Amino acid sequence: MVIPPVLLLLSTVLGLVLPRESSVPHDGLWALLPSTVLLALRPVLERALAATAPDHPLLRLLYALHMATLAVGVALNPYLCVYAFVGYIDGERFLDGVRIHVVMVLTALISAAGQSGGLVVIVAAPWLYAILAVVNLLLAGGMSRLASERAIVLDAREQALEELARSQRENARLHEELMERARLAGVEEERGRLSREIHDTVAQGLVGVIRQLEAVGPDIDEASRHRVGIAEETARDALLEARRAVEALSPHQLGEGDLPGALGVLVARWARAHRIVATVDADGAAANGPHAEVLLRIAQEALANVARHSGAGTVSLTLGDRDGQRLLRIEDDGVGADLEAVSHGHGLDNMAARARAVGGELRVDSRPGQGLVITARVPA
């Protein structure tokens with residue numbers, strides 16, 4: 001700080017220039033000695049404060065030396081009371097706890113000694129010194145109270161800023177959550193639209209084609225009948241794929257139900273449509289939880305893959321909770337697959353992307369001829 005050295009130099013000059021009839025007779029050089037020591041102590045105190053912390057034992061020792069030197073200086077040069085004022089500020093900077101109040105009281109008493117004119121006046125008119133000491137003590141108390149109130153205000157301001165920062169972070173999180181929900185809602189809406197479009201156009205058109213082919217009379221040659229049969233079979237296969245696409249795209253909403261119930265409905269419909277035995281085991285799984293829609297979609301795509309590629313006779317779905325994660329396992333007894341050959345197809349990429357999007361993972365285990373197991377893990 002610049003102010004203390006300036007006040008120290010000012011009070012020293014005043015002591016040399018202004019008359020001091022009321023002071024104790026002294027030699028001017030002796031009056032300069034305490035001021036010189038104080039001037040040397042200031043940078044030492046500042047460096048010690050920067051290197052340690054307030055109320056460090058080294059700071060206590062240095063400031064005690066500072067106060068003792070100041071008392072001697074005021075006795076020799078009463079005008080040093082101008083510099084003594086910095087004690088009201090130094091206490092909170094260099095010390096802590098009750099020592100702050102001790103420094104303020106000592107500062108008030110030392111300042112009163114200088115303000116009264118020195119030791120001669122104190123001896124001659126002690127009442128003046130007492131009045132000045134009381135005034136200084138009241139001043140010190142007022143300054144201490146103001147400092148405490150200011151500290152309270154600063155603490156309240158810091159708490160308000162921290163609360164504001166927390167609110168901003170929460171608002172940002174909620175905004176991201178709303179954006180993600182809006183995105184997912186848009187995806188679901190588009191899936192529903194595509195499902196309706198396929199059902200109302202492609203599927204219905206294929207039904208019409210099949211009906212027309214069925215209406216072809218028997219009065220055609222064998223080659224034409226064979227081609228009509230192939231065309232009808234192809235149309236039926238295309239219709240089956242279209243219906244599977246409609247089923248996969250349809251937005252099965254959980255609504256008021258739970259994931260185990262939704263999986264049960266999905267598997268029952270799928271089993272009837274494809275004439276494959278399918279079971280669901282959700283014992284021990286929580287009824288509700290996060291990312292239920294993701295797991296439902298993964299189950300849909302996995303079942304669609306089973307119907308298209310596996311040739312399975314049975315499929316089992318298992319839902320459970322373990323170690324803070326929700327697990328969905330889809331296992332079939334089909335032909336299995338070479339994982340290197342199917343790692344970028346059969347909808348596995350889509351399922352893995354869904355799991356990763358919510359902080360989960362997808363694992364596929366299979367060997368040719370031994371069925372296929374898909375395990376999805378998402379945070380519970």
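Taken together, the values in this text are just the output of simple stated rules run on the coordinates, not laboratory data. Values in this document were obtained by computation on a predicted structure and should not be read as measured data. No Cβ is skipped: glycine too gets one built from the backbone with ideal geometry, and neighbour counts run over all protein chains shown.
Remark: the chain carries a charge dipole of roughly 1320 debye about the Cα centre, counting +1 on each Lys and Arg Cβ and -1 on each Asp and Glu Cβ.
When +1 charges are put on Lys and Arg Cβ atoms and -1 charges on Asp and Glu Cβ atoms, the dipole computed for the range 156-222 relative to its Cα centre reaches about 520 debye. Computed from the Cβ-Cβ distance with R0 of 51 Å, the FRET efficiency linking Leu146 to Ala380 stands at 0.40. Residues of the range 60-85 with backbone nitrogen within less than 14 Å of a virtual label 7 Å along the Cα-to-Cβ line of Leu128, please, listed as ranges. Only 78-79 pass the distance filter. Legend: calculated FRET efficiency, Glu197 to Arg236, from the Cβ-Cβ distance at R0 = 30 Å, rounded to 0.05, equals 0.90.
Zone of Arg173 (label point 7 Å along Cα→Cβ, backbone N under 20 Å): which residues in the range 268-292? Flagged as within label range: 289-292. Once Rg and the Kirkwood radius are both taken over the C-alpha atoms of the chain, their ratio Rg/Rh works out to 1.53. Sequence-distant contacts, meaning Cα pairs under 8 Å at least 6 residues apart, place the relative contact order of the chain at 9 percent. Sorting the segments 143-154, 307-318 by their residues' average number of neighbouring beta-carbon atoms within 10 angstrom, most packed first, yields 307-318, 143-154.
The H on the amide N of Ala380, modeled in the peptide plane, is under 5 Å from the matching H of Gln325, Arg326, each at least 5 residues off or on a different chain.
Projecting the Cα atoms of Gln204, Leu154, Leu296 onto the charge dipole of the chain (Cβ charges, centred on the Cα centre) puts Leu154 farthest toward the positive pole. Peptide packing: for 294-303, 123-132, the average count of neighbouring Cβ atoms within 10 Å per residue gives the ranking 294-303, 123-132, highest mean first. If r is the Cβ-Cβ distance from Trp30 to Glu163 and R0 is 56 Å, what FRET efficiency results, to the nearest 0.05? For R0 = 56 Å, the calculated efficiency reads 0.45. Here, the range 61-102 is characterised by an Rg to Rh ratio of 0.99, where Rg is the alpha-carbon radius of gyration and Rh the Kirkwood radius. Once the Cα atoms are used to define both axes, helix 204-214 deviates from the longest principal axis of the chain by about 10 degrees.
In terms of the mean number of neighbouring beta-carbon atoms within 10 Å, the peptides 108-116, 87-95 order highest first as 108-116, 87-95.
Each 10 Å bin from 0 upward holds the following percent of the Cα-Cα pairs of the range 115-188: 16, 18, 15, 12, 11, 9, 8, 6, 4, 1.
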